[in-house]
1. Let me know the mean shielding of A:32-40 by other chains, meaning the per-residue number of their Cβ atoms within 10 Å of its Cβ.
2. Compute the helix-to-body angle for B:126-148: its Cα long axis versus the longest principal axis of chain B, expressed 0 to 90° and rounded to tens.
3. Can you show me the helix-derived [θ] at 222 nm for the protein assembly as shown, built from DSSP H runs with n ≥ 4 at -39,500 (n - 2.57) apiece and divided by the number of residues, rounded to the nearest 500.
4. Once the piece of chain linking residue B:112 and residue B:49 is laid out straight, how much longer is it, given 0.36 nm per residue of separation minus the C-alpha distance between them?
5. Take the Cα pairs of the protein assembly as shown, get the Kirkwood Rh, then feed it into Stokes-Einstein at 37 °C and 0.692 mPa s and tell me D in µm²/s.
6. If you find the alpha carbon centre of segment A:14-48 and of segment B:111-132, how far apart are they in angstrom?
7. Per residue of A:58-69, what is the mean number of Cβ atoms on other protein chains within 10 angstrom of that residue's Cβ?
8. Taking the Cα-to-Cβ direction at residue B:137 and at residue A:74 and moving 7 Å from each Cα, how far apart do the two end points lie in nm?
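Just so it is clear, none of the values below were taken in a lab; they were calculated from the coordinates. Since the model is a prediction, treat every value here as computed from it, not as a measurement. Please note: Cβ atoms are built from the backbone with ideal geometry, for glycine as well, and neighbour counts cover all protein chains shown.
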């Protein structure tokens, strides 16, 4: 997987408020901007900025419902992140297997 | 109907919102929007369906922050966008034989904002009416937050 596809996602998520927004959206499914401002105790302009960073990076998507803006997490973004971790977990698992085999062979030769 | 039923006053709450009546009307009659503000602080609406036409059914289910679940349903009786909504309100756990509750919402434009008059009837005790006041108060605060953006 190309590194450039996940870097913007990690970059957007690397902020406590934005990470909390995404966690809340994952839990609730879909939230209006006004509903998001309350639990985080932040002003609407600040919230709008965070939502824009997350939207621009492709972490979340927006839809209009009768003059209200509703936000949700883009499943593609979550899949991409999950793929990145899965790839690296495989790397470590294989590395640990090799380490295990190496330690065993060391033991046998000593 | 026992005589005591008629003695309980309706619950009337009036609130000012910084939004046009159209947005309030939508917040009451659109599942994706009603879900944003109904229920206790920190709670979430787990299911909401509304067939927003006269005689159409609605249903909402809520999970509280401490994991309790409850639901209510009813029928739309009056829909006059963006001025008036009347609906029946039946809690899932209401006792057998208890009458339907009714909610009437009146929306009046006040400058750039809206005055909402909420009127709920069908209470069986003052205590029950008091619990509803405590329930709607934080919900209307969430509604104000939803409308602010």
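1. Counting other chains' Cβ atoms within 10 Å and averaging over A:32-40 gives 6.
2. The angle comes out at about 20 degrees.
3. Value at 222 nm, helices only, nearest 500: -14500 deg cm²/dmol.
4. Result: 19.7 nm gained on full extension.
5. In µm²/s, the coefficient rounds to 154.
6. What the calculation gives is 30 Å, centre to centre.
7. Numbers: counts 0, 0, 0, 0, 0, 1, 0, 6, 9, 8, 11, 1.
Partner Cβ neighbours, averaged per residue: 3.
8. Result for the modelled spin labels: 4.4 nm.
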